[in-house]
Amino acid sequence: IGDCTRCKLCRGRKKLVFGEGSSKARLVFVGEAPGREEDIEGKPFVGEAGKLLTKIIESGMGIGRKDVYIGNVIKCRPPNNRDPEKNEIETCLPFLEEQIRIINPEVICALGRIAAQELSGRDFHMTKERGQWFSYLDIPVMPTFHPAYLLRNPSAKRQVWEDDKKIMKHLGLEVKSNG
Ligand code: URA
């Protein structure tokens, strides 16, 4: 991807956030786009939502954050965290596709509407459609609420745990009684 200047988001970014984790990951998380902290550090999910995601992965699912792969639909922070525009997504999505092709995980977890929409290739209504498998490049995808949504709506954590348990079962991991 290099020092990408393919779309206008390059003008406002500090660092491009490519993604991080294991190239042998069985599980890939896909978020939307870097936020303020991620833009500064150049790493995905390191701000408040990221801390919650790390807790979900490690304390909830019992997997090391370094053993999964975490990426985003968009690699550069949109100004003031606005939604990514259609042309920005179209420009950036081939890189996510290639990341997923190379890793070839057993499961993908789509975090939030934008990720679910782009991986499913259609409009997505998270409140109605979370928790139901679909597939991307023949890989099962579990759509669930974005951790930033959970910070605003903590009661939805229960539903995310239900979705995470489905992922764990698919991976043959032991599911504890609560997250
Ligand atoms: N939100 C996202 O969707 N991705 C990040 O990397 C951080 C926050």
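The values are calculated or read from the model by the stated rules, or taken from the named source; none is laboratory data. Remember, predicted model here, so these are calculated numbers, not experimental data. Here Cβ is always computed from backbone atoms with ideal geometry, including for glycine, and neighbour counts include all displayed protein chains. Calculation scope for accessible area: heavy atoms of the full protein, side chains included, ligands and nucleic acids excluded. Shrake-Rupley method; radii C 1.70, N 1.55, O 1.52, S 1.80 Å.
Quick rundown of the values:
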{"quantity": "Enumeration of residues in the range 59-99 that are of a type in the set (A, V, I, L, M, F, W, C) and more than 18 Å from Leu16 (Cα to Cα)", "calculated": "Met61, Ile63, Val68"}
{"quantity": "Residue under evaluation Arg158, criteria (1) part of a helix (DSSP H, G or I); (2) in contact (Cβ under 8 Å) with a residue 12 or more places away in the chain, criterion not met", "calculated": "(2)"}
{"quantity": "Residues within the range 25-40 that are within 6 Å of the ligand (Cβ to nearest atom) and outside any loop (DSSP other than H, G, I, E, B), tallied", "calculated": "2"}
{"quantity": "Check on Glu90, of a type in the set (D, E, K, R), outside any loop (DSSP other than H, G, I, E, B), over 24 Å from Thr54 (Cβ atoms) and open to solvent by 40 Å² or more (accessible area, probe 1.4 Å)", "calculated": "yes"}
{"quantity": "Counted residues, the range 2-24 - those being in contact (Cβ under 8 Å) with a residue 12 or more places away in the chain, assigned to a loop (DSSP other than H, G, I, E, B), within 17 Å of Ile89 (Cα to Cα) and more than 11 Å from the ligand (Cβ to nearest atom)", "calculated": "6"}
{"quantity": "Which listed residue is open to solvent by 10 Å² or more (accessible area, probe 1.4 Å), outside any loop (DSSP other than H, G, I, E, B) and within 13 Å of the ligand (Cβ to nearest atom), from Lys66, Lys51, Lys43, Lys55", "calculated": "Lys51"}
